[in-house]
Amino acid sequence: MAGDLYTGPDAPGEGVYPDLVGQQRAVIELLAEGLDPLQTARFLGISKRTVETHRRLAFAKLGVNKASTAAVVFLKARLKRVEEENARLRRLLAELQAG
């Protein structure tokens with residue numbers, strides 16, 4: 001299933017709002033990328049109604065009520081995780097260069 005690309009430990013949004021289950025995270029991520037609910041449903045191989053359910057549950061967990069706000073909240077959290085990972089890699093590189 002196409003949706004499997006967006007779930008699992010190496011998924012792009014993994015660790016960003018860990019309260020979101022895989023499909024909720026995938027739906028929010030795809031909506032944040034600009035897909036509408038029907039496109040999201042087709043990409044994930046699920047119904048539009050299921051997308052709307054995942055979206056509603058994810059909105060509740062994120063504490064938002066609009067798709068644009070959910071996208072901003074999700075992407076800010078994702079950016080923070082990327083920045084943390086970059087800092088970790090810089091520290092590791094510095095240790096390797098020093099040692």
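Just so you know, all these numbers are worked out from the coordinates, no wet-lab data involved. Small disclaimer: the values here were computed from a predicted structure and weren't measured. No Cβ is skipped: glycine too gets one built from the backbone with ideal geometry, and neighbour counts run over all protein chains shown.
Any lysines with Cα under 18 Å of the Lys76 Cα? List them, leaving off those in the same chain fewer than 8 positions away.
Lys61, Lys66
Ranking Ile28, Ile46 by Cβ neighbours within 10 Å, fewest first, what do you get?
In increasing order of surrounding Cβ atoms, one gets Ile46, Ile28.
Please go through the range 28-81 and write out the GluC sites (Glu not before Pro) that DSSP classes as loop and that have at most 14 other C-beta atoms within 10 Å.
Those satisfying the criteria are Glu33.
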